[in-house]
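Each remark here refers to the structure printed beneath this line.
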Amino acid sequence: MNEVRVRFAPSPTGPLHIGGVRTALYNYLFARKHGGKFLLRIEDTDQTRYVPGAEDYIIESLKWCGIAYDEGVGVGGPHSPYRQSERKELYREFADVLINTGKAYYAFDTPEELEAMRERLKARGVATPQYDAFTRGEMVNSLTLSKEETEKRLNSGEPFVIRILIPENEEIQVDDIIRGEVKVHSSRLDDKVLFKSDGMPTYHLANIVDDHLMEITHVIRGEEWLPSAPLHVLLYRYLGWEAPQFAHLPLLLKPDGNGKLSKRDGDRLGFPVFPLRWTDPFSNEVSSGYRESGYLPEAFINMLAFLGWNPGTEQEIFSMEQLVDAFSIERVGKSGSKFDPEKAKWFNHHYIKELTDENLSTHLIDILKEKGISADKSYASEVCRITRERVVLLPDLWNQSWFFFTEPESYDEKVVQKFWKPETPALLRQLAAVLDAAADFSAESVETIVKAFIHDNELGMGQVMNTLRLVLVGGSFGPGVAAIIALLGKTETLRRIEKAIQSLDNLAI
RNA sequence: GGUCCGUUCGUCUAACGGUUAGGACGCCAGGUUUUCAUCCUGGUAAUAGGGGUUCGAUUCCCCUACGGACUGCCA
């Protein structure tokens, strides 16, 4: 068997959304699984839809996800260039081959004329007006024009496109790894434009030419391409090339209702649909990203892998290496998957709990840096150790631990109401004295001391612990009180107790 | 409208034609507990409908319903 070669071929018209990332991921996994190559090709044949930054965004997204490619834009390779706009000169040649073999023809119809044709047919009751066997005879093209007239128009520089000539009466079959045999009658296909008047090929031509030239063995792409797959099969045949194997992936659906997940759903439903944050260069509109929202790439990938695929076992947690090992295209489902934000969080929470304290602390330190706080690495690690299980998304790291880095400026009113009693100051001072006397200030020791104090004074556990928590963090959240005290240290703990007494004492009478 | 694709708990899904239809997320209840979590235990909940084929259909076939994609000189 030949070496497996697959590609991810996005068009740089904006940020890559998670459906695209999943397509890239499955291609990557498939290539790795079979010891083949994965390439990134940029399909920028539509000059009018160029969006600055989109290509860099795609590359950065793949990098963040850990989806490395062997050939492609940015890394080069034996089939360079990998940007279709830079391969422009290539495509005309193949369009000409099709013309010369009678499989394609020139067409000179203007956009207005095309529109008029559609209107005309609609008026005649034709549901789907197409440029096809039914209509091509009444349009302006090299089929209806004389050879001389066609030459004349071509030579005079009149704009033209090249259209494929769809065969009259034929069943065209696409063999799809996921869906089996899909058959479409040629009369349902239209004479698609292969080569545009601006000198660029359309997707249909460019993707066939490039896949052939780049020796692509398997085309793994979204289901939205299934309807045009017969056209592609036809093109391979016309060009005398062996077609790659096809696998059309089911769509990613929006979490509520139905329909393809789209850009707008994220902001509407409060979860990212993009791997990285994206700022639209034209409107300056910002769309949130998984990275900036505090997801770990490992969690993001694991979650994405399971949207449409499963290993057939009950294992759900997979590293990229394990995914490579377990992946098979045959186990990809047929039906679309609704994206579930809750499950995404669960994966992230899981991966955060799996991280070492030190690894997690690098994220904490990043957050601290942004806030202009510098922190000792081992201290940050300790904070992570006692905070981690409360962290679902990375920003929770700060939400659950900020009081280790800056003292509370105010106290949650509801908590004060509930726990701050007239006798509290005296009690806290007693407890402070006991704490002050402690030789061992480990969390275990502190816990023993505080509990003994509560017991000896016949106090309520909840009452004391919650009050203590209040004065130390300013509210009712965070890790265990003993762990907080131990990490804060004796001096700081005593200071916060005293400070709270100063500011809360008058208030609660 | 047409063409194509699809349909198992709310969601992601498992089940050589033979299982009490399994797991996970969520949710609910209980336990642990100083907040919130974690953790543990238990529970809720599904084969879209109708016909076939078969000793036996979630599984194979047909129809219906529903959903989706596509229907550009966009990819």
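The values are calculated or read from the model by the stated rules, or taken from the named source; none is laboratory data. Since we're looking at a predicted model, the values are computed, not measured. Cβ atoms come from the backbone with ideal geometry, glycine included; neighbour counts cover every protein chain shown. Heavy atoms of the whole protein, side chains included, go into the accessibility calculation; ligands, DNA and RNA do not. Shrake-Rupley method; radii C 1.70, N 1.55, O 1.52, S 1.80 Å.
In percent, how large is the relative contact order of chain A, given Cα pairs closer than 8 Å and 6 or more residues apart? Let's see the in-between values first.
Values: 741 pairs, mean separation 60.0, N = 509.
Once divided by the residue count of chain A, the mean separation gives 12 percent.
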Along its principal axes, what span do the Cα atoms of chain A show, with the longest given first and each in whole Å?
107, 49, 37
Give a residue-ordered list of calculated ³J(HN,Hα) values for the range A:480-491 (Karplus: 6.51 cos²θ - 1.76 cosθ + 1.60, θ = phi - 60°; whole Hz; x for Gly, Pro).
x, 4, 4, 5, 5, 4, 4, 6, 5, x, 4, 4
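At 1.4 Å probe size, with every protein chain present, just tell me what the per residue accessible area of chain A comes to in Å². Before the final figure, lay out each step's value.
Details: 23700 Å² over 509 residues.
Accessible area per residue, chain A: 47 Å².
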Kindly give the semi-axes, whole Å and largest first, of the ellipsoid equivalent to the range A:89-195, taking each as the square root of 5 times a Cα gyration tensor eigenvalue.
26, 20, 12
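Which order do A:R136, A:R264, A:R495, A:R179 take by accessible area at a 1.4 Å probe, largest first?
On the way: A:R136 25, A:R264 155, A:R495 105, A:R179 55 Å².
I get A:R264, A:R495, A:R179, A:R136, largest accessible area first.
Name the chymotrypsin sites (Phe, Trp or Tyr not before Pro) in the range A:210-251 that are in a loop by DSSP and that have at most 16 other C-beta atoms within 10 Å, would you? Working shown, then result.
Numbers: sites: A:W225, A:Y236, A:Y238, A:W241, A:F246; in loops: A:W241.
Sparse-neighbourhood loop chymotrypsin sites (Phe, Trp or Tyr not before Pro): A:W241.
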Virtual paramagnetic centre 7 Å along Cα→Cβ of A:A123, amide N under 17 Å, in the range A:138-170:
A:138-139
Using a 1.4 angstrom probe on the protein heavy atoms only, line up A:D505, A:D44, A:D376 by accessible area, largest first.
A:D376, A:D505, A:D44
Rounded accessible area of A:E498 (nearest 10 Å², 1.4 Å probe)
70
Enumerate the amide H contacts of A:G222 below 5 Å, restricted to partners 5 or more residues apart or on another chain; note that Pro and chain-start residues carry no placed amide H.
A:L249
Skipping prolines and chain starts, which residues have an amide H placed within reach, meaning under 5 Å, of the one on A:F8, given they are 5 or more residues away or on another chain?
A:L39, A:L40, A:R41
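When the dipole is taken about the Cα centre of chain A, and only Lys, Arg (+1) and Asp, Glu (-1) are charged at their Cβ, what size is it in debye, to the nearest 20?
Working: 59 positive and 76 negative charges, 115 e Å.
Once rounded to the nearest 20, the dipole reads 560 debye.
Quick one: putting +1 on the C-beta of Lys and Arg, -1 on the C-beta of Asp and Glu, what dipole do you get for the range A:317-361 around its Cα centre, in Debye to the nearest 20? List each step's numbers first, then the result.
On the way: 6 positive and 8 negative charges, 78 e Å.
Dipole of the range A:317-361, to the nearest 20 debye: 380 debye.
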Between helix A:357-370 and chain A, what is the angle of the helix's C-alpha long axis to the longest principal axis, kept within 0 to 90° and rounded to the nearest 10?
80
Total charge dipole magnitude, the range A:185-297, about the Cα centre, Cβ charges on Lys, Arg, Asp, Glu only, Debye to nearest 20
240
Carbon and sulfur %, accessible surface of chain A computed with the full protein complex present, 1.4 Å
50
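I need the calculated FRET efficiency for the pair A:E3 and A:D96, taking r as the beta carbon distance and R₀ as 35 Å, to the nearest 0.05. Numbers along the way, then the final one.
Details: r = 30 Å, r/R0 = 0.87.
Rounded to the nearest 0.05, the efficiency is 0.70.
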Given H placed on each backbone N at 1.01 Å, which residues far from A:I172 in sequence or on other chains put an amide H within less than 5 Å of it?
A:V184, A:H185, A:S186
Neighbour-limited loop hits for GluC sites (Glu not before Pro), the range A:220-273 (at most 16 other Cβ within 10 Å; DSSP other than H, G, I, E, B)
A:E242
Considering the alpha-carbon set of the range A:357-406 alone, what are its Rg and its Dmax in angstrom?
9.2, 25
Tell me the accessible surface of A:K343 in square angstrom (1.4 angstrom probe, heavy atoms of protein chains only), to the nearest ten.
80
In a Debye calculation with equal point scatterers on the alpha-carbon sites of the range A:263-354 and no solvent, what is log10 I(q)/I(0) at q = 0.19 Å⁻¹?
-0.95
Degrees between helix A:111-123 axis and first principal axis of chain A (Cα, 0 to 90, nearest 10):
90
Quick one: 3J(HN,Hα) in Hz for the range A:294-307, Karplus 6.51/-1.76/1.60 with θ = phi - 60°, rounded, Gly and Pro as x.
x, 8, 8, x, 4, 5, 4, 5, 4, 5, 5, 4, 7, 8
Evaluate the distance, in nm, between pseudo-label points positioned 7 Å from the Cα of A:E498 and of A:A116 along their respective Cα→Cβ axes.
9.2
With the charge dipole of the range A:323-401 built from beta-carbon charges (+1 for Lys and Arg, -1 for Asp and Glu) about the Cα centre, the Cα from A:A380, A:F347, A:S401 projecting farthest to the positive end belongs to A:F347
Give the angle, between 0 and 90 degrees and rounded to the nearest 10, that separates the Cα long axis of helix A:424-436 from the longest principal axis of the Cα atoms of chain A.
90
Per-residue HN-Hα couplings for the range A:402-409, Karplus 6.51 cos²θ - 1.76 cosθ + 1.60 at θ = phi - 60°, whole Hz, x for Gly and Pro?
4, 5, 7, 10, 8, 6, x, 9
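Suppose we keep just the DSSP beta bridges with both residues in chain A; what percent of those would be antiparallel, to 5?
Values: 19 of 36 bridges.
The antiparallel proportion sits near 55 percent.
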Flagged links, alpha-carbon separation over 23 Å, of A:K369/A:K499; A:K418/A:K499; A:K33/A:K343; A:K421/A:K499; A:K122/A:K183; A:K103/A:K196:
A:K369/A:K499; A:K33/A:K343; A:K122/A:K183
